[in-house]
1. When the chain is fully extended, how far beyond the present Cα-Cα distance does residue 64 get from residue 90, taking 0.36 nm per residue of separation?
2. Under DSSP H, which helices of the chain have Cα atoms covering 18 Å or more of the helix axis and a Kyte-Doolittle average no less than -0.5?
3. Provide the FRET efficiency to the nearest 0.05 for the residue 116-residue 18 pair, computing r from the beta carbons and using R0 = 35 Å.
4. Would you please give the FRET efficiency between residue 149 and residue 82, computed as 1/(1 + (r/R0)^6) with r the Cβ-Cβ distance and R0 = 30 Å, to the nearest 0.05?
5. Lys and Arg at +1, Asp and Glu at -1: add these up for the other residues within a Cβ distance under 14 Å of residue 133 and post the number.
6. Can you tell me the relative contact order of segment 4-155? Whole percent, Cα pairs under 8 Å, sequence separation 6 or more.
7. Post the alpha-carbon centroid distance, segment 1-36 to segment 108-133, in whole angstrom.
8. The list [x] 2, 9, 17, 19, 18, 14, 10, 6, 3, 1, 0; [y] 1, 9, 19, 24, 24, 16, 7, 1, 0; [z] 2, 9, 14, 17, 15, 11, 9, 7, 5, 4, 3, 2, 2, 1, 1, 0 gives values of P(r) over Cα pairs in 5 Å bins from 0, in percent, and only one came from this structure; which label was calculated from it?
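What follows is calculated from the coordinates using simple rules that are stated; it is not laboratory data. These figures come from a predicted structure and were not determined experimentally. Glycine gets a Cβ as well: all are built from the backbone with ideal geometry, and neighbour counts include every protein chain shown.
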Amino acid sequence: MINHVRTLLQNMPPEWESDEFVDPDFVPMSVPRAVDKVKTAIWGRTPVHQVTLRQLMQILHATELEEHVLAKDPRVTYLPFDEAPSGSGADLAHAVLRIEEALTPDDYTTLFGDTTQEPNRTWFNLWMDHEQLAYKLGGLLLAVADTTERARTWATPQ
């Protein structure tokens with residue numbers, strides 16, 4: 001699926017107003033409450049976002065985590081980024097604090113699954129232990145994308 005990870009993080013229908021291509025066959029999934037908690041902590045309940053999906057994708061592509069984004073499907077329409085990330089690091093730091101306050105131990109299990117297995121172990125360790133915001137948030141975003149993908153896979157008739 002083109003823009004695979006971005007589409008999973010957005011989880012909105014193709015006709016939803018978006019600044020990037022969404023596969024016309026993509027159907028939004030009902031996701032676990034833990035995913036909703038993360039998205040609400042980042043974006044709130046209103047359409048006005050201090051942190052944009054574009055910023056989050058810039059974070060993922062600015063680190064070695066990019067290889068995991070492109071491994072899902074290397075076809076992305078939003079690269080290269082022509083501008084520096086908008087917003088501030090403070091907005092991202094506040095989003096991380098809101099996420100940490102919102103998530104329970106059960107939510108961590110939902111998002112990261114079996115943390116003895118890769119890539120779950122890496123995503124979990126980045127989120128829990130990394131001091132750099134890009135890696136901390138990147139680990140969580142990849143876990144959210146994986147959780148949404150699992151919901152999508154389970155909902156697809158085999």
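1. Difference between extended and current length: 7.1 nm.
2. 89-102, 133-155
3. On the way: r = 37 Å, r/R0 = 1.04.
That gives a FRET efficiency of 0.45.
4. 0.55
5. Local charge sum for residue 133: -2.
6. On the way: 149 pairs, mean separation 48.4, N = 152.
Relative contact order comes out at 32 percent.
7. So the two Cα centres are separated by 23 Å.
8. Read-out from the structure maps to [y].
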